[in-house]
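Everything on this sheet refers to the single structure shown next.
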Amino acid sequence: MEGAAPFLEPGESVYYGFVLKLDDTIPETPRELMIAIEGQHRVLGGINRADRKLNKGLKWALNPLDAMNERIAEKGTEALNRKLAGPVFLGGWESQAGWFIRYARATREDYGPGSWGVLTDRRYLIFRAGRAGGSSMRLVHAVPRTAIAGIRTEGTKDAALHGRTPRAELHFTDGSMVATMMPTKQGQRVAEILAVQQQHQQQQ
């Protein structure tokens, strides 16, 4: 939260800061729509993906039957996870939720130190987290509070009934939605802050 101070507007106040993690089952961003952050380290992520592709290629070459069975199992697991997750992203990549995902993913851990979410009295901010001895926190995206319609939280008990992790669905005024994964208490805290802000806006 202290690292957010240099990026605040005059008079803007920070209410809450947290690790921002998108739901794992959100479809991968199309390559042409991926956002690059200036100064972001992408080499490690590229090497890791290249290694995975090379290993899969070797499996197909050396034992195609085992490789095919492994791929079928992976596809089945992915399909089951998507079914259990339910709706995790609505609105398309040009929607407010789509831009939110694209910016959050530009900070992800295989490229750098990951994302922080920060709620202020005016905005929902996405930061690239700082790294010890390396890059400092950096603001990558800001969503005005007026663009957020609300948040739906799902705690541990409800999530377990559906076979998924606790979440906080962020709903935008354009009708789009993105599911973020959050511990129950953290999701409740975010929902409380946004609810109070909505009441203030309605009174004004």
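The values are calculated or read from the model by the stated rules, or taken from the named source; none is laboratory data. From a predicted model like this one, the values you see are computed outputs, not experimental measurements. Areas reflect the complete protein model, heavy atoms only, side chains present, ligands, DNA and RNA absent. Shrake-Rupley method; radii C 1.70, N 1.55, O 1.52, S 1.80 Å.
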Review point. Does region 105-128 hold any residues that are modelled with pLDDT under 90 and within 15 Å of I35 (Cα to Cα), and which are they?
Key: R105, A106, T107, R108, E109, D110, Y111, G112, G114, S115, R128
Exercise for review: Considering only residues that are open to solvent by 80 Å² or more (accessible area, probe 1.4 Å) and assigned to a strand (DSSP E or B), look in region 1-25 and name the one that is modelled with the highest pLDDT.
Suggested key: Y15
Exercise for review: State yes or no: is R167 within 14 Å of the chain's Cα centre (by Cα) and either modelled with pLDDT under 80 or closer than 16 Å to I35 by Cα (or both)?
Suggested key: no
